[in-house]
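Data first, discussion second: the structure below is written as structure tokens.
The values are calculated or read from the model by the stated rules, or taken from the named source; none is laboratory data. Predicted model, so just to flag it, every value in this text is computed and none were measured. Cβ coordinates were reconstructed from backbone atoms using ideal geometry, including for glycine residues, and neighbour counts include every protein chain displayed. Surface accessibility is based on the protein's heavy atoms, side chains included, excluding ligands, DNA and RNA. Shrake-Rupley method; radii C 1.70, N 1.55, O 1.52, S 1.80 Å.
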Amino acid sequence: NNILAAIDIGTTKIVTIIGYINENKKLDIIGMAKCPSKGIRRGVILNINEAVDSIRTTVEEVQKQAGFQIRQAFVGIAGQHIKSIRNRGYINRDSYDTEITKADTERLLADMYKIPIELGEEIIHVIPQNYIVDSETGVKNPIGMFGKRLEANFHIVIGEIASARNIERCVDRVGIKVKQLILEPLASSEAVLSEDEKEAGVALIDIGGGTTDIAVFHDD
């Protein structure tokens, strides 16, 4: 349960990495491999067989380094088909006299996955930006507060279904289950940005061989 694997499918190279969470809750890397990618352009898979061969090369090398097989992995997604929108949602709770719970915030977040989007697209991430409890604005974490109406502003990342399924198909043919698709600049931000930087305001630019991604953070 403390082993994590990830696959970065890029235009110029594919990287597979594996690590384990140690007793200090830190991630120790125990294997990493990369090879030139084939069948991929601007973050989109154009040739399934060539992409599978490239992914398999890195996976087999990492498994040799680690000494065991990878069963599932987090996989990055990027490309020109990615777009994002903002949306606000709300729920009315039964009573003023009970605390807002994690289940309330999860219900609000789940509703965002049901919003109408264009044909052929799917929602990849729903990211809460801030909450409003009754008339109290700018709330970062409403859990434990009292209130009847819970609102939130969300940043929603959308991608093409076909592109996502092609990535999942390639990884599946290597014998690995996709645990979760993660937007590449969000994954990069977890690796290189500090909490203070996200709070103060920062732009992260990920310059790749086929696409360049930018993510802007402010007020966390």
Study note, to complete from the structure: PRE zone check, label point 7 Å out along Cα-to-Cβ of Glu60, amide N under 17 Å, scope region 1-38, hits 14-17, 32-38
Practice item. Would you mind pulling out the separation of the Cα centroids of region 1-37 and region 114-158, in Å? Key: 31 Å
Review point. For the pair Asp97 and Ala162, what calculated FRET efficiency results from E = 1/(1 + (r/R0)^6), where r is the Cβ-Cβ distance and R0 = 35 Å, to the nearest 0.05?
Key: 0.10
Study note, to complete from the structure: Listed by chain and number, the residues whose amide H is under 5 Å from that of Ile30, excluding neighbours fewer than 5 places away on the same chain and using placed H, are Ile18, Gly19, Tyr20
Revision key, fill the gap. In debye to the nearest 20, the charge dipole size for region 97-220, taken about the Cα centre with +1 at each Lys and Arg Cβ and -1 at each Asp and Glu Cβ, equals 580 debye
Check your understanding: For Arg42, which sequence-distant residues (separation of 5 or more, or a different chain) have an amide H within less than 5 Å of its own amide H, given hydrogens modelled in the peptide plane?
Key -> none
Exercise for review: Rounding to the nearest 20 debye, state how big the charge dipole of the chain is about its Cα centre with +1 on each Lys and Arg Cβ and -1 on each Asp and Glu Cβ.
Suggested key: 820 debye
**Study point:** Loop trypsin sites (Lys or Arg not before Pro), region 95-167, which have at most 13 other Cβ atoms in a 10 Å radius of their Cβ (DSSP)
**Key:** Lys114, Lys140
Exercise for review: With a 1.4 Å probe and every protein chain kept in, tell me what percent of the accessible surface of region 1-55 is carbon plus sulfur.
Suggested key: 49 percent
Review point. Given a 1.4 Å probe, how much area per residue of region 46-155 is accessible, in Å²?
Key: 58 Å²
Review point. Assuming a viscosity of 0.890 mPa s and a temperature of 25 °C, what translational diffusion coefficient in µm² per second does Stokes-Einstein assign to the chain, Rh being the Kirkwood radius over Cα pairs?
Key: 127 µm²/s
Check your understanding: Under a GNM of the chain (C-alpha, springs under 10 Å), which listed residue has the highest mean-square fluctuation: Ile182, Ile70, Ile29?
Key -> Ile29
Study note, to complete from the structure: Quick calc, Ala200 & Asn130: beta-carbon distance into FRET formula, R0 22 Å, rounding 0.05, result 0.85
Study note, to complete from the structure: Per the C-alpha gyration tensor (a ≥ b ≥ c, the square roots of its eigenvalues), region 109-220 is rounded if a/c is under 1.5, else prolate if a/b beats b/c, else oblate; here it's oblate
Review point. If you average the sequence gap of Cα pairs under 8 Å that are 6 or more apart and divide by the length of the chain, what percent do you get for the contact order?
Key: 21 percent
Check your understanding: What's the longest bit of the chain with no exposed chymotrypsin sites (Phe, Trp or Tyr not before Pro), using DSSP loop states and at most 13 other Cβ atoms within 10 Å as the test?
Key -> 114-220
Check your understanding: Given a cut-off of under 8 Å on Cα pairs at least six residues apart, what relative contact order in percent is computed for region 62-157?
Key -> 39 percent
**Study point:** region 111-149: GluC sites (Glu not before Pro) in DSSP coil with no more than 11 other Cβ atoms inside 10 Å
**Key:** Glu118
Point to revise | Dipole of the chain, positive end: most advanced residue of Ile132, Ser188, Gln69 [Cβ charges, Cα centre] | key: Gln69
Study note, to complete from the structure: Of all GluC sites (Glu not before Pro) in region 35-97, the ones in DSSP coil with at most 14 other Cβ atoms within 10 Å are none
